[in-house]
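Values quoted throughout were computed directly from the atomic coordinates according to the rules given, and no laboratory measurement underlies them. As the structure is a computational prediction, the values presented were derived from the model and not from experiment. Positions of Cβ are generated from backbone atoms using ideal geometry, with glycine treated the same way; all protein chains shown enter the neighbour counts.
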Amino acid sequence: MCEILASLAISWIINPNLLPVNNDQFGLNLTLRIVCIILGSLSLHIVTYFGGIFLVKELEKLSEFDPLTLLRTRRNMYRYLDESFKDISTPDICVAMIDIDNFKHVNDVFGHDKGDIVLKDIAAIITTNVHDSDLVFRYGGEEILILFKTDMERATKTLNRILTRVRKATHIGLREDYRVTVSIGLCERHALSTYEEMIVEADQRL
């Protein structure tokens, strides 16, 4: 109601012919103004509501996934590891640490933009060669961690497949004769009591 009265007051100041004495125009003007204000308020609420939902989803996505590699972030990694380690229905758990060899050399020779391309390419190779139950995280820098919910044998087969794909990959912007390689450390839960110990073990096996 306040919006309607304020809108009418401004209109009357701008155009005195819209005062109530001109009954034929006043009724129509008031009706149209009420309809426009209702529609405007409704539109604003709809945009605000759905815009808020979209913003929340985007913020959740940014906190969950690394924007460069589209891998899950280290921030959420420990939660997944903790849940998997406590899940007695999946006794077979392996952790693999993957590190891009001489990545600093790639950045120094070809530039950081090309280094980002290499990192994205390696991440894409990994995510397209693991199973749906496996989780891949950007651990930090050029290091990538894979959580396998399976035994050592299948995890090893998957990692060998990844190694083969990486060796054959040709990255945009790099020389045709330049091949990027990775080092991998793999361990299974077995006698290790915590997932922190598994990460340390996998890192040492690099």
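Things to note:
- For segment 54-206, the normalised intensity computed at q = 0.10, 0.21 Å⁻¹ comes to -0.36, -1.35 (log10 of I(q)/I(0), Debye sum over alpha carbons, equal scatterers, no solvent).
- Hull volume per residue, based on the alpha-carbon atoms of segment 104-184 and their convex hull, is 86 Å³.
- Positive minus negative residues near Ile100 (Lys, Arg vs Asp, Glu; Cβ under 11 Å): -4
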